[in-house]
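Below: one structure, written as structure tokens.
Since every read-out is calculated from the coordinates, none of them should be taken as a lab result. This is a predicted model, so every value here is computed, not measured. As a convention, Cβ positions derive from the backbone with ideal geometry for all residues, glycine included, and neighbour counts pool all protein chains shown.
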Amino acid sequence: MQQRRIAMWSGPRNISTAMMRSWGSRADTSVIDEPFYAHYLRQTGYDHPDADKIIATYETDWQAIVVQLTSDIPDGKSIYYQKHMTHHMLDHIDKAWMLSLTNCFLIRDPRRMILSFAKVIPNPTADQMGLRQQVDIFNFIHKETGKAPPVIASRDVLLDPRQTLSKLCDVIDIPFDDAMLSWEAGRRETDGIWADHWYASVEKSTGFMAYRDDDRVLPDHLKPIYDECLPMYEQMAQYCIR
């Protein structure tokens, strides 16, 4: 297969790590976990768990990171799956490098994202949800290529992983592999060191969890964030693969 670099653009507290497990289960695929996280923390000063350790461990020069992401695929694989958080793409980072990748977008109901994120970061901002940046990246790719890049919803993946991932693979012209539907429990060498704080659930998993309804109500202090995020989510949702 011709070498392919896939950038999956997601906000936080989505099924992005499970999706990385899915692609990492393919024999032809190498994965990388949130390569811009250290740069993001250094630039913003956000008090995330183990922030100093993350900054000291990973590359913080965004241009050097881009070189890594667009150079040879590790381990002699033909596919390089890159798990990206959209909020890590700060405004000063040039987007031109993205045009050399196959860009895909993963979205989730912002109410669920906000509730989950607030368990670790109690008072998040709308910008930390990454929807503004996700829309910006989507619009950039759409404008520069003349074609809307594929969007998948976490709900659709959880309701029918085989069908949704098969459709995604078809759209990006990569053969679907049954290996994407299951994996061994546990941590991976490719997981970021932030796994201690964010990956407890996925480390116990052996496949995509079944979708469950969630009727939890947002606390009052988080409702303005939801009101800001919802229109951006709806803008992305209209492009979902069906």
**Message:** Which one, GLN163, GLN43, THR206, projects farthest toward the positive side of the charge dipole computed for the chain from Cβ point charges (K/R +1, D/E -1)?
**Reply:** GLN163
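Which pairs in the list LYS143/LYS204; LYS167/LYS204; LYS77/LYS167; LYS53/LYS147; LYS83/LYS119; LYS147/LYS223 are over 32 Å apart, alpha-carbon to alpha-carbon?
Pairs exceeding 32 Å: LYS143/LYS204; LYS53/LYS147; LYS147/LYS223.
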**Prompt:** Which ordering of CYS229, CYS240 is given by a fewest-first count of other beta-carbon atoms within 10 Å?
**Reply:** CYS240, CYS229
**Request:** Please compute the net charge surrounding ASP61, taking Lys and Arg as +1 and Asp and Glu as -1 over other residues with Cβ under 15 Å from its Cβ.
**Result:** -1
**Message:** So for each of 155-168, 205-218, 80-93, 175-188 I average, over its residues, the number of other beta carbons within 10 Å; can you give me the resulting order with the highest mean first?
**Reply:** 80-93, 155-168, 175-188, 205-218
**Request:** Restricting to the stretch 4-237, compute how many DSSP beta bridges are antiparallel as a %, nearest 5.
**Result:** 0 percent
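What FRET efficiency do you get for ALA56 and GLN238 if R0 is 45 Å and r is their Cβ-Cβ distance, rounded to the nearest 0.05?
Details: r = 42 Å, r/R0 = 0.92.
Taking R0 as 45 Å, the efficiency between ALA56 and GLN238 is 0.60.
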**Complete:** Square roots of five times the C-alpha gyration tensor eigenvalues of the stretch 131-184, ordered largest first and given in whole Å, equal 25, 14, 9
**Asked** Which value at 222 nm does the chain reach when only helices count, each DSSP H run of 4 or more adding -39,500 (n - 2.57), with the total divided by all residues and rounded to the nearest 500 deg cm²/dmol?
**Response** -11000 deg cm²/dmol
